[in-house]
Amino acid sequence: MSMRGLFGFLLAAAMTLVAGAASAHPHVWITATSELLYAADGSITGVRHAWTFDDMFSAYAVQGLESKTKGAYTREELGPLAQTNVESLKEYAYFTFARADGKKERFQEPVDYFLDYKDTVLPLHFTLPLKAPVKPKQLVLEVFDRSFFIDFQMAKDNPVKLVGAPAGCQMKLERPNDGTASAQKLNEQTFLNGENSNFGMMFANKITVDCP
């Protein structure tokens, strides 16, 4: 069984649920919120994400973890798990892609990361600083998995916030159309190779910020 290695050994546990499955569709679901962070001079310094994993993945993630209170986990107890998660994200460019006035921007490694355990699901919080602050007229930020192994859905309420943005900045969120039915027609080998290796772009969440 092939594995993409997402979040290290956690994905191995999740993949046992779909071993032998031929259809290519998401195996992990994430509900996301994002905050674009601005400095006092109006430049963008980074992005703060909060990704809540689906209940099935969350259950496998905490399986075997020791905690003082049964069925509950503190941030400290989830610390090693959070570190494993964010370290594994680098291979996938943190599923976060930014362009400032059309120029591709890169991120530093995540900081201020932690996991919570709330209502039987795991929210992962982390901040992605830009390699260098930018002050574009237009910033485009996309959150998605290129292979659509993970389905990112922006939260229904307050999915995106501009923190400290200059007056006059306008934000627009474009949610992906539901193309799951067509995705399921592709087998895993076709899905992960060749022309379909970027199939997940069809399901990108696109945040556009225009500033004066």
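The values are calculated or read from the model by the stated rules, or taken from the named source; none is laboratory data. Worth saying up front: this structure is predicted, and the values here are computed from it rather than measured. Cβ atoms come from the backbone with ideal geometry, glycine included; neighbour counts cover every protein chain shown. Just so you know, the surface numbers come from the protein's heavy atoms only, side chains and all, with ligands and any DNA or RNA stripped out. Shrake-Rupley method; radii C 1.70, N 1.55, O 1.52, S 1.80 Å.
Summary of values
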{"quantity": "Environment charge of K131, counting only residues whose C-beta is closer than 13 Å and scoring Lys/Arg +1, Asp/Glu -1", "calculated": "+1"}
{"quantity": "Between segment 103-126 and segment 27-43, the Cα center-to-center distance that results, in Å", "calculated": "10"}
{"quantity": "Pairs from K135/K206; K90/K137; K118/K172; K135/K156; K70/K156; K90/K161 whose Cα-Cα separation, in the structure shown, is over 21 Å", "calculated": "K90/K137; K118/K172; K135/K156; K70/K156; K90/K161"}
{"quantity": "Environment charge at E142 (Cβ cut-off 12 Å; Lys +1, Arg +1, Asp -1, Glu -1)", "calculated": "+2"}
{"quantity": "Derived scalar couplings ³J(HN,Hα) [segment 78-87; Karplus, 6.51 cos²θ - 1.76 cosθ + 1.60; whole Hz; x for Gly, Pro]", "calculated": "8, x, x, 5, 4, 5, 4, 4, 5, 5"}
{"quantity": "Inter-site label distance for K161 and L65 at 7 Å from Cα along Cβ, in nm", "calculated": "2.3"}
{"quantity": "Sequence of D41, D145, D112, D54 when ordered by accessible area, the most exposed leading, probe 1.4 angstrom", "calculated": "D112, D41, D54, D145"}
{"quantity": "Summed residue charge, Cβ within 12 Å of K118's Cβ, Lys/Arg positive, Asp/Glu negative", "calculated": "-2"}
{"quantity": "Efficiency of FRET between T84 and D112 - r from beta-carbon atoms, R0 22 angstrom, step 0.05", "calculated": "0.85"}
